[in-house]
Amino acid sequence: MLQRFFIFCSGADTDLLEQCSPGERTKYAGIGATVFFTAVMATIAASYALYTVFDTYYTAIFFGVIWGLLIFNLDRFIVSTIKKSDNFFDELIQASPRIALAIIIAIVIAKPLELKIFEKEINQVLLEEKNTMTLENQNQLALQYTPSIEALNGEIATLKQEVVDKETEVNALYETYIAEAEGRKGTEIIGKGPVYKEKREKHDAELTALQQLRADNAARIEAAEAQIAQLSDQYQTRVADTQPVIDGFDGLMARVNALGKLPWLPSFFIFLLFLAIETSPIFAKLLSPKGAYDLKLAEQEGAVKTWVTQQKTQREVLVTTDREVNNRVYADIAEEQELYDYKRKKARELMQMQADAFYKKQKSVL
C-alpha cells in the first residue's frame, strides 16, 4: 500500500510498473518518497513563514498545506516528464529547465526553515536593531522639543540671574548705609544723619523692588517650568506611541534581512541540503540506467505515435481520393443534356418570381 502511494507520487504509470520487476517498482517508489517528503518540508517551511506574517496557526497551516500541494504537483510533474534516452547529454539538456525550477523551489523551501533554525540568532540581531531604532527614534523626536525646552531653560536662568543681580545691588546699598551709620565710609561721621537717611531710603526702595521682582520672576519661572513639563509629557507620549511600531519590527522581511547579517556559510550549507533533496529525484532518474519501465513506456508511446501517424495518413488519402471521385462525378454530370434542361427551367422560374416580386413592391410604393 505504501509502495503504491510512493509510486503514485513519482508520477509513473502504475499499470506499466505492475508488469515490471520488483526492483523497478522499488526504484520509482524511492523517487516518489523523495517527492513526497520534499512536499512535506515545503509545507512546514511555508507554514512557518506564513505564521510570521499572519500570526495565526490556522491561516498559516491552511496556506502552508496549499503551498505543499503545489510543490508536490510541480515535483511530480518534473520527475514524470523526464524521459530516458540513449544519450545522457540529451537527457541533461531535456532536464535543464526542470533543474533550474528545482533550484528555485529549493531556495523557496530552504529560506523559511533557515529562519526557524537560526531563530535565536535572528532575534538577537533584531533586538540590537530595535534598540538602535529606539535610540534613533528618541533622538529624532527630541529634536522637535529640545529647542523649545532649551529656550525656556534659558529664560528661567535669565530670570534667576535678574534676581541674583538685584539681590547683589540691594546688599551693596545695605552695606553702604550701614557703613555711613558707623562712620566707615561716606561722610565718616558716626550716627544716623541726613546722608544715612537718604541711603537708607534708597535701599528700602530697592528692597521693595527686589521683592516685587522675586514675585514676578517666580511666577514667570513657574509658567516656564509648566511649559517644560508639558513639552516633556508630549515627548514621552510620542515616544510611547511610536514604540509599538519598533517593537513589531519582526516580520518576514525583517527576519530575512537579519538572516543576511549572519555568517553566510551555515545558511549556504542548509540551502545545499535542500537543493540536494529537491534535485535528487531528477538526478536519480538521469543517472539510473534505462529499465524495463522505460522500455515499456517508450514502446507504448511509440505505438500510439505510429497509430496516430497511420490515422493521419489514412485521412489524407481518404480526402484526396474523395476529391478525385467528386471531380470525375461532377465532370460526367456536367455533360448531360437532361440536367442542363432541368436547371434552365428552374432558373427561368426563379427569374419570373423575382420579376413578379419587384413589380408588386413598386406598385405598393406608388
#### Entry: Residues located in region 207-241, provided they are surrounded by 16 or more Cβ atoms within 10 Å (Cβ to Cβ) and within 30 Å of L127 (Cβ to Cβ)
Y235, R238
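Residue-wise test of (1) surrounded by fewer than 18 Cβ atoms within 10 Å (Cβ to Cβ); (2) under 23 Å from the mean Cα position of the chain (by Cα); (3) modelled with pLDDT of 80 or more.
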| residue | (1), (2), (3) |
| --- | --- |
| Y28 | no, no, no |
| Y57 | yes, yes, yes |
| L69 | yes, yes, yes |
| K83 | yes, no, no |
| D90 | yes, no, no |
### Message
Exactly one of these conditions fails for S96: (1) surrounded by fewer than 15 Cβ atoms within 10 Å (Cβ to Cβ); (2) not assigned by TED's automatic domain parsing to the domain that holds A284. Give me its number.
### Response
(2)
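Rundown of residues vs (1) assigned by TED's automatic domain parsing to the domain that holds R98; (2) touching a strand residue (DSSP E or B) at 6+ places or on another chain (Cβ under 6 Å); (3) modelled with pLDDT of 75 or more, yes/no style:
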residue	(1), (2), (3)
S267	yes, no, yes
L272	yes, no, yes
A276	yes, no, yes
T279	yes, no, yes
F283	yes, no, yes
L297	no, no, no
T313	no, no, yes
T320	no, no, yes
E324	no, no, yes
### Task
Kindly check whether there is at least one residue in region 123-138 that is modelled with pLDDT of 80 or more and more than 30 Å from P263 (Cβ to Cβ).
yes
### Query
In region 102-111, is there at least one residue being surrounded by 15 or more Cβ atoms within 10 Å (Cβ to Cβ), of a type in the set (D, E, K, R) and more than 14 Å from F36 (Cα to Cα)?
yes
### Message
Which count do you get for residues in region 1-26 that are surrounded by fewer than 15 Cβ atoms within 10 Å (Cβ to Cβ) and in a helix (DSSP H, G or I)?
### Response
9
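The values are calculated or read from the model by the stated rules, or taken from the named source; none is laboratory data. Please read these numbers as outputs of a predicted model, since none were measured by experiment. As a convention, Cβ positions derive from the backbone with ideal geometry for all residues, glycine included, and neighbour counts pool all protein chains shown.
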